[in-house]
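Quick note: the coordinates plus some simple rules give every number you see, no bench work behind them. On a predicted model such as this, the values are computed, not experimentally measured, just so you know. We place every Cβ from the backbone using ideal geometry, glycine too, and count neighbours over all the protein chains shown.
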Amino acid sequence: MRLVLIGPPGSGKGTQAKLLVERQSLKYIGTGVILREAMSRNTETGRLAEPFLKKGHLVPDDLVNELVSDLFTQPNRPDCFVLDGYPRTLAQAVWFDQLLPKLDFNLDAVVQFVVDDEEVVSRLCGRMSCSNPQCGAPYHLRSRPPKQPGICDLCGSPLTQRPDDREETIRARLAVFHQTTDALVEHYRKLGLLREISAYDPVETIYANVIRAIQGT
Ligand SMILES: [Zn+2]
């Protein structure tokens, strides 16, 4: 099975990727894996990518494409896999379409976890934790609210929110996600590979829906 997963932060994509890897014996290939493998094999493209990683900058499309090509053309290349985070842009997808026949690979499906922005904001923004380092108890305004607003049930310390979980940060990440992903989704829809899965169901229901959608039953 060869899959590409697409979904915004908070869509549960990571959880589903983990289940697919465990239960279908697939190799997980996230962008981190692509970059680490290139650096560990010390390829020329790996060396070119290193400065971007060290500065925390996004690696340019061309370079990511080369890293992916390196990964799939090496002797012990991954055969069955879940790609997560690649292709990230339409340009990468078009390039990947041209690479696949050279590898004798076909994608079986591109699975999109569909959830609207307001739901993502509500899922991620609600996360809080106890500010007491000895406690650190996690809370969620919707699914696991503290008995008293803003106060830890266990130790009475104030609750805090990580900067990543602030509403403006999440909305900014969603805007970037849509800018690059909407065209990608349309591309795979036209190719007949797109499988849209509602990300509102419980984890096991979503997993069952993914498997059913991939197998086309
Ligand atoms: Zn606490």
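Tabulated values for the structure
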{"quantity": "Phi to ³J(HN,Hα) by Karplus 6.51 cos²θ - 1.76 cosθ + 1.60 over region 189-197, Hz, x for Gly, Pro", "calculated": "5, 4, 7, x, 9, 6, 10, 8, 10"}
{"quantity": "Intensity falloff of region 157-217 expressed as log10 I(q)/I(0), Debye formula with alpha-carbon point scatterers, at q = 0.17, 0.18, 0.28 Å⁻¹", "calculated": "-0.83, -0.88, -1.05"}
{"quantity": "Per-selection Rg to Rh, region 101-186 - Cα, Kirkwood hydrodynamic radius", "calculated": "1.20"}
{"quantity": "Cβ charges +1 (Lys, Arg) and -1 (Asp, Glu), total dipole of the chain, debye", "calculated": "480"}
{"quantity": "Cross-link partners of LYS27 among aspartates and glutamates (Cα-Cα below 19 Å; sequence separation of 8 or more within a chain)", "calculated": "GLU37, ASP70, ASP79, ASP84, ASP104, ASP108"}
{"quantity": "Table column - 3J(HN,Hα) (Hz), region 140-147, Karplus curve with 6.51, -1.76, 1.60, x for Gly and Pro", "calculated": "9, 4, 9, 9, 8, x, x, 4"}
{"quantity": "Whole-Hz ³J(HN,Hα) from phi, Karplus 6.51 cos²θ - 1.76 cosθ + 1.60, for region 111-126, glycine and proline x", "calculated": "9, 9, 8, 9, 8, 7, 4, 5, 5, 4, 4, 5, 5, 7, 6, x"}
{"quantity": "Distant alpha-carbon pairs in region 1-113 (separation over 20 angstrom), percent", "calculated": "40"}
{"quantity": "Size of region 61-217 as Cα extents on the principal axes (Å, biggest first)", "calculated": "61, 37, 31"}
{"quantity": "Cβ-based charge dipole, region 104-146, positive-most Cα from ASN132, SER143, VAL115", "calculated": "ASN132"}
{"quantity": "Proximal lysines to LYS102, defined as alpha-carbon separation beneath 18 angstrom and excluding residues fewer than eight positions away on the same chain", "calculated": "none"}
{"quantity": "Rounded tilt (10° steps) of 13-24 against the dominant C-alpha axis of the chain", "calculated": "60"}
{"quantity": "Full-stretch length increase - GLN148, GLU22 - with 0.36 nm per residue and alpha-carbon distance subtracted", "calculated": "41.4 nm"}
{"quantity": "Dipole of region 1-98 [Lys/Arg +1, Asp/Glu -1 at C-beta], most positive-end residue of GLY10, GLY32, VAL68", "calculated": "GLY10"}
